[in-house]
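Inspection log for the structure reproduced underneath, given as structure tokens.
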Amino acid sequence: MTDIRIQNLTKSFGSTIALDNISLYVASGELFFLLGPSGCGKTTLLRSIAGFYTPNKGRISFGGHDVTKLPPHRRKVGMVFQNYALWPHMTVFQNVAFGLENNKIPKAKIKDLVHEILEKVQLAQYASRKPNELSGGQQQRVALARALVVHPKCLLLDEPLSNLDAQLRNDMRCEIRNICKEHQVTTVYVTHDQKEALSIADRIAVFSKGKINQIGTPTQLYKFPSSRFTAEFVGETNVFQGVIVQIGSGEAIIRTKIGNFRGILSTGINNPRPGKKVYISIRPECFRLNDFPNQENSVRGVIGNVTYFGEVAHFKFERDGVILRISELNPSHFTNVQNKSMYVTVSSEDVVILDVD
Ligand code: ATP
């Protein structure tokens, strides 16, 4: 098992700074995600870890050993690309055996190792098929088996599910997590899909413009974002402006256009004080619709569009030109509420106070 340490990594392409002084630590056996919008530098970091790019500055180490200058084949990483990159003329067995043959492993041993890994990814019966005789999900598992069979120090996955349809993507997410955990392999996984990251990551680094915005577990990022960028990129949220009117320990009361809210101060807020302009972020599912107000954190307004999905309904709620998005689970008791005047209430631990960037 191997941990990965990235220290002050910078990588530019001409005048584009793809990675700007990045530092992060991936623990041994961890499933670690790099999440961010297109062009933020995720793939550049992954390819730098694999050794395909040489950074301008900084250091990469595996298990305490500096690998920054090692060529890719000496780093012992397994990589799975977006398009799987399987050899079309080879069978599943031959695709998976390729890396072992390169390592001069005896033929009998190769046979055992390939069969063992194909069993694990549930492809043993497809060993003699060619890639074009397999479904997208099966090809994806061949690519995983090929990367894992050489017992890599770490596994690097670049958008491995992007070619699959929605249902298969869901199934494969859990399968990837199970395989990584079973092999106890340190895994770095690149995606721009926040649901993919939230559902299976141990921890996630949120990237923006070549920098890390926040690192945390899925719950930490979702419940306690430290910036407006993370709040909006990881899940849906309502963000609106206000001013701090009172400050307590780790919390504050914010005056906004639609009323006062008590909330928690995010870790990213700089020098909070009365009079400071801030944002507050409230997830749609944290609001409760009611006919009566609560003592605090209640707003009266009018229900706009209602979209019913069965298990959940989405409501637009308007007050003084501010539109809030609200979702209610099991919404059967809120039929025919469009245009009705109602209250929304939110608990103070679900109101996150963020710096104005
Ligand atoms: P995506 O999700 O679209 O793959 P990403 O977050 O992986 O995006 P990168 O591919 O790492 O982003 O690109 C980061 C920045 O570096 C972008 O501005 C991109 O145009 C630039 N870049 C990446 N690779 C190269 C290259 N080989 N030559 C020049 N510029 C590059």
Roughly what angle does helix 92-102 make with the longest principal axis of the chain, taking Cα atoms, 0 to 90 degrees, to the nearest 10?
70 degrees
Neighbours of Leu156 by Cβ distance under 14 Å: Lys/Arg at +1, Asp/Glu at -1, summed charge +3
Let me spell out the model: positive unit charges on the Cβ of Lys and Arg, negative unit charges on the Cβ of Asp and Glu, origin at the Cα centre of region 229-355. What dipole size does that give, in debye rounded to 20?
460 debye
Return the calculated 222 nm mean residue ellipticity for the chain, to the nearest 500 deg cm²/dmol, obtained by summing -39500 (n - 2.57) across DSSP H runs with n ≥ 4 and dividing by the residue count.
-7000 deg cm²/dmol
Carbon/sulfur accessible area of region 4-228, % of total, 1.4 Å probe, equals 48 percent
I need the phi-derived Karplus couplings for region 149-162: 6.51 cos²θ - 1.76 cosθ + 1.60, θ = phi - 60°, integer Hz, Gly and Pro marked x.
5, 8, 6, x, 5, 8, 10, 10, 10, 10, 6, x, 10, 5
Residue-normalised accessible area of region 229-355, expressed per residue, 1.4 Å probe, Å²
51 Å²
Taking Cα atoms, how many degrees apart are the long axis of helix 136-148 and the longest axis of the chain, rounded to 10 and kept between 0 and 90?
60 degrees
Antiparallel versus total DSSP beta bridges in the chain: what percent is that, nearest 5?
75 percent
For the chain, what value does the Rg/Rh ratio take when both radii are computed over Cα atoms and Rh is the Kirkwood radius, given to two decimals?
1.07
Which trypsin sites (Lys or Arg not before Pro) in region 81-150 sit in a loop by DSSP (not H, G, I, E or B) and have at most 11 other Cβ atoms within 10 Å of their own Cβ?
Lys104
With Cα coordinates, the longest principal axis of the chain makes an angle with the long axis of helix 107-120, in degrees rounded to 10, of 20 degrees
Set the Förster radius R0 to 56 Å, insert the Cβ-Cβ distance between Glu251 and Ser128 as r into 1/(1 + (r/R0)^6), and round the FRET efficiency to 0.05.
0.30
Modelling each spin label as a point 7 Å along the Cα-to-Cβ direction, I'd like the Ala166/Phe13 distance in nm, to one decimal.
3.1 nm
Taking r as the C-beta separation of Val239 and Cys174 and R0 as 35 Å, the FRET efficiency to the nearest 0.05 is 0.65
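How about region 265-357: which chymotrypsin sites (Phe, Trp or Tyr not before Pro) there lie in a loop by DSSP and see at most 10 other Cβ atoms within 10 Å?
The qualifying sites are Phe309.
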Any idea which of Phe32, Asn170, Phe224 is furthest toward the positive side of the dipole for the chain, if Lys and Arg beta-carbons carry +1 and Asp and Glu beta-carbons -1?
Phe32
Positive-pole candidate from Ile49, Thr237, Pro274, dipole of the chain, charges at beta carbon
Ile49
What longest region of the chain stays clear of GluC sites (Glu not before Pro) that DSSP places outside H, G, I, E and B and that have at most 14 other Cβ atoms within 10 Å?
1-235
When the dipole is taken about the Cα centre of the chain, and only Lys, Arg (+1) and Asp, Glu (-1) are charged at their Cβ, what size is it in debye, to the nearest 20?
1100 debye
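Identify the trypsin sites (Lys or Arg not before Pro) of region 242-276 meeting these criteria: DSSP loop state and at most 11 other C-beta atoms within 10 Å of the C-beta.
Those that pass, being in a loop and sparsely packed, are Lys257.
The values are calculated or read from the model by the stated rules, or taken from the named source; none is laboratory data. Computed from a predicted model, the values in this text were never measured in an experiment. We place every Cβ from the backbone using ideal geometry, glycine too, and count neighbours over all the protein chains shown. The protein model used for the area step is the full one, side chains on, heavy atoms only, and it has no ligands, DNA or RNA in it. Shrake-Rupley method; radii C 1.70, N 1.55, O 1.52, S 1.80 Å.
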